[in-house]
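Down below is the structure, laid out as structure tokens.
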């Protein structure tokens, strides 16, 4: 089994959670393969800096669902643990034409290429990160909604981020208990780690002289803030694809993106 880290929305701490888990597993000398949903290229730099293994992008928009499945199966081979970092909120995707999608019914898919879509496509359970700041009992309604909106998704566990105090955690746990979704991680507000960013996202690893200190802090969070007895079985690789098809069997679907009308008759350069 593998896990896909999803968030209720952007900015809830998906990247911090993912990097903390990768940092701790790396310190334990585990072999890890990580993936990133979407075309983001900076987050995978951090994945690779921690694991020593190139992270792979899972983006059915720029490639195809078949490519995503083959890529995941191909690069998952030989790793003990597999972790996928999601994108934006769990169900944030795009509406896509049915002609590109082979694994759906007659309705358009409004969250195509979302974290939820990749979870369904690869049959991988979700670890949902929730921002608990300024919430107590209402956290149950939020978790319930994410867990029940799509019956095909499996929410394997919750990570509660930005918890203010022991009393705050008690209120959150009491509210969530009837849902029977395991809480596998709790990050306090004091655990917050700041990775410098700018308009495109995080600053690339090569531009951060304090990278080693950041990774040590992440590993400490990974060690102290998660229930590893619950997490390790979820991250342990199961049999994914015994004989994954070569990725070259799936060319990029360029023909699905016609030029704008005003440019269609313009002479094209051969180069």
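Here are the numbers for the structure shown:
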{"read-out": "Strands (runs of 3 or more DSSP E) lying entirely in the stretch 1-102 (those with 3 or more residues that are surrounded by fewer than 22 Cβ atoms within 10 Å (Cβ to Cβ) and touching a strand residue (DSSP E or B) at 6+ places or on another chain (Cβ under 8 Å))", "value": "94-96"}
{"read-out": "Boolean, residue 116 is within 21 Å of residue 56 (Cβ to Cβ) and either modelled with pLDDT of 95 or more or in contact with a strand residue (DSSP E or B) (Cβ under 8 Å, 6 or more places away or on another chain) (or both)", "value": "yes"}
{"read-out": "Every pair of residues 6+ apart whose Cβ atoms lie under 6 Å, when the first sits in the stretch 217-232 and is over 18 Å from residue 3 (Cα atoms) while the second is surrounded by fewer than 21 Cβ atoms within 10 Å (Cβ to Cβ) and modelled with pLDDT under 95", "value": "217/193; 219/27; 221/191"}
{"read-out": "Filtered residues of the stretch 184-227 (kept if within 10 Å of residue 16 (Cβ to Cβ), surrounded by 12 or more Cβ atoms within 10 Å (Cβ to Cβ) and at pLDDT below 75)", "value": "191, 192, 193, 195"}
{"read-out": "Check on residue 177, out of contact with any helix residue (DSSP H, G or I) (no Cβ under 7 Å at 6 or more places or on another chain), more than 22 Å from residue 25 (Cβ to Cβ), part of a helix (DSSP H, G or I) and modelled with pLDDT under 95", "value": "no"}
{"read-out": "Residue match in the stretch 127-147 (condition: modelled with pLDDT under 95 and crowded, with 19+ Cβ neighbours inside 10 Å)", "value": "no"}
{"read-out": "Residue in the stretch 163-175 that is under 22 Å from residue 3 (Cα atoms) and either surrounded by 15 or more Cβ atoms within 10 Å (Cβ to Cβ) or touching a strand residue (DSSP E or B) at 6+ places or on another chain (Cβ under 6 Å) (or both) present", "value": "no"}
{"read-out": "Residue in the stretch 125-146 that is touching a residue at least 12 places away in the same chain (Cβ under 8 Å) and more than 21 Å from residue 175 (Cα to Cα) present", "value": "yes"}
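The values are calculated or read from the model by the stated rules, or taken from the named source; none is laboratory data. Model, not experiment: these values are computed from the prediction. Don't worry about glycine lacking a Cβ; one is built from the backbone with ideal geometry, like all the others, and counts go over all protein chains shown.
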